[in-house]
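A short write-up of the structure that comes next.
Every read-out reported here was derived from the displayed coordinates using simple, explicitly stated rules and does not represent laboratory data. Fair warning: this is a prediction, and the values are worked out from it, not measured in the lab. All Cβ positions, even for glycine, are placed from backbone atoms using ideal geometry, and neighbour counts span all protein chains on display.
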Amino acid sequence: MQCEQAREQINALADGELAEAIASRVGRHLVECGACRDEWDRICALGERARAWRDVCAPPGLRGWIAAALWVSEAAGCGGGDALPDGSGMSALRAFLAQDGDDGTKGTE
Ligand SMILES: [Zn+2]
């Protein structure tokens, strides 16, 4: 396997999305190739940092503030309703805001 091929697969490998046969080929390349191994280490470090961010909570008032801003912009008829048609990200955002704020990754402390 060439470096270019390996690099294309490294992200998927880090996410555990590669089929076993391909994963083992990439893995063999990583054993032999220091440059790709460095890239692998970098991606793994990024993934660990991203996972650490899951434990970071938004400030307590943020959800309420966004909900209020949405309500105000809706009440004011911002965009005349054309900018954000039904089924747009707006309803997804509203559903997100309606959650209790616990995505299950954090305790109740
Ligand atoms: Zn390589």
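Between residue 57 and residue 31, the contour length at 0.36 nm per residue exceeds the Cα-Cα span by 5.6 nm. Stretched out straight at 0.36 nm per residue, the stretch from residue 11 to residue 98 would grow longer than its current Cα-Cα span by 28.0 nm.
Each other residue within a Cβ distance under 15 Å of residue 68 adds +1 if Lys or Arg and -1 if Asp or Glu, for a net charge of +1.
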